[in-house]
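Enquirer: Here you go, one structure.
The values are calculated or read from the model by the stated rules, or taken from the named source; none is laboratory data. Predicted, not measured: the structure shown is a model, and the values here were computed from it. Heads up, the Cβs are rebuilt from the backbone with ideal geometry, glycines too, and the neighbour counts pull from every protein chain shown. The accessibility values were calculated without ligands, DNA or RNA, using every heavy atom of the protein model including side chains. Shrake-Rupley method; radii C 1.70, N 1.55, O 1.52, S 1.80 Å.
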Amino acid sequence: MLPVQRRLPIGLNQDPHRDRRIADVEIQKVCFALGYAEGQPVEKVSQRVAVAFLFAIETAMRVGGIAGLKPEDINGPVATLPMTKNGSARKVPLSKRALELISFLPREAELVFDLKKTQLDSMFRKYRDRAGVENLTFHDTRHEAITRLASKLEVLELARMVGHRDIKMLMVYYNETPEALAGKLG
């Protein structure tokens, strides 16, 4: 006899949401392990992974969107993702910093970062471990980016930028610390 699977009522998640923030020192450690130094030429695959990591923190894009980004998908300060996880296209506004990061990359590749999704994810994990950073996934960059962007954009603007059709989803990704919120109160 097979065990009965219990289901929670609609709207209740079985797994708690992650609320992992990425400290600046962790960003520095990961980039250092990947061989990336700001202002230095990006020549190695590991350095492209570092730029993708920084780009993710800047844009809140998922690993698949970053890995699939083609040069022709970027038009000025906007990147067009022809197919997202949700099955539709969307346009992502790019900050000056995001455009600067892209400018560090070699230009002869078919894809902006010249990395496959699996390659980007596995290399990130390998070098994250070398850096001694624990409990960090590439997807945590989305949480970090959304939390940072929340201080710059209104709620509707933020939802539009990150592709959330339901504003409630922002609560899953917005992970500001209580101490930072207390600081805003003065």
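Enquirer: Report the gain in length on full extension from residue 134 to residue 152: 0.36 nm times residue separation, minus Cα-Cα distance, nm rounded to one decimal.
Expert: Using 0.36 nm per residue and subtracting the Cα-Cα distance, I get 3.6 nm.
Enquirer: Shape of the range 77-129 from its Cα gyration tensor (a ≥ b ≥ c, root eigenvalues): rounded if a/c is under 1.5, otherwise prolate when a/b > b/c, or oblate?
Expert: Oblate shape, in that a/c is at least 1.5 and b/c is the bigger or equal ratio.
Enquirer: While we're looking at this one, here's another question. At R0 = 22 Å, how high is the FRET efficiency between residue 96 and residue 72 if r is their beta carbon distance? Nearest 0.05 is fine.
Expert: Once rounded, the FRET efficiency stands at 0.60.
Enquirer: Expressed in nm to one decimal, what extension gain is obtained for the pair residue 25 and residue 174 from 0.36 nm per residue of sequence separation less their Cα-Cα distance? Display every interim value, and only then the final one.
Expert: Numbers: separation 149, 0.36 × 149 = 53.64 nm, distance 2.03 nm.
My answer for the length gained is 51.6 nm.
Enquirer: Give me the distance in nm between label points sitting 7 Å out from Cα along the Cα-to-Cβ direction at residue 37 and residue 114, one decimal.
Expert: In this crude label model, residue 37 to residue 114 measures out at 2.1 nm.
Enquirer: On a C-alpha basis, how far is the centre of the range 122-186 from the centre of the range 69-117 in Å? Whole number, if you could?
Expert: 20 Å
Enquirer: Roughly how many percent of the accessible protein surface of the chain is carbon and sulfur, given a 1.4 Å probe and a whole-percent answer?
Expert: 55 percent
Enquirer: Which value, in Å², gives the accessible area per residue of the chain when a 1.4 Å probe is used on the protein heavy atoms?
Expert: 63 Å²
Enquirer: Mind checking the angle between helix 117-131 and the chain's longest principal axis? C-alpha axes, 0 to 90 degrees, to the nearest 10.
Expert: So the inclination is approximately 90 degrees.
Enquirer: From the residues 61, 113, 39, which one has its Cα farthest along the dipole of the chain in the positive direction, the dipole being from +1 and -1 charges on Cβ of Lys/Arg and Asp/Glu about the Cα centre?
Expert: Positive-most Cα among the choices belongs to 61.
Enquirer: Then there is this: Classify the chain as rounded, prolate or oblate, taking a ≥ b ≥ c as the square roots of the eigenvalues of its Cα gyration tensor: rounded when a/c is under 1.5, otherwise prolate if a/b is larger than b/c and oblate if not.
Expert: Numbers: a/c = 1.38, a/b = 1.36, b/c = 1.02.
It comes out rounded by the Cα gyration axes.
Enquirer: What does the charge count near residue 42 come to, summing +1 for each Lys or Arg and -1 for each Asp or Glu among other residues with Cβ under 15 Å from its Cβ?
Expert: Around residue 42, the charge tally is -2.
Enquirer: Given the Cα-Cα distance of residue 165 and residue 83 and 0.36 nm per residue of separation, how much length would full extension add, in nm?
Expert: That pair, residue 165 and residue 83, stretches by 28.0 nm at full extension.
Enquirer: Let me ask another. Count the net charge of all other residues whose Cβ sits under 12 Å from the Cβ of residue 103, scoring Lys and Arg as +1 and Asp and Glu as -1.
Expert: Working: positive: 96, 97, 107; negative: 100.
Taking every other residue near residue 103 into account, the sum is +2.
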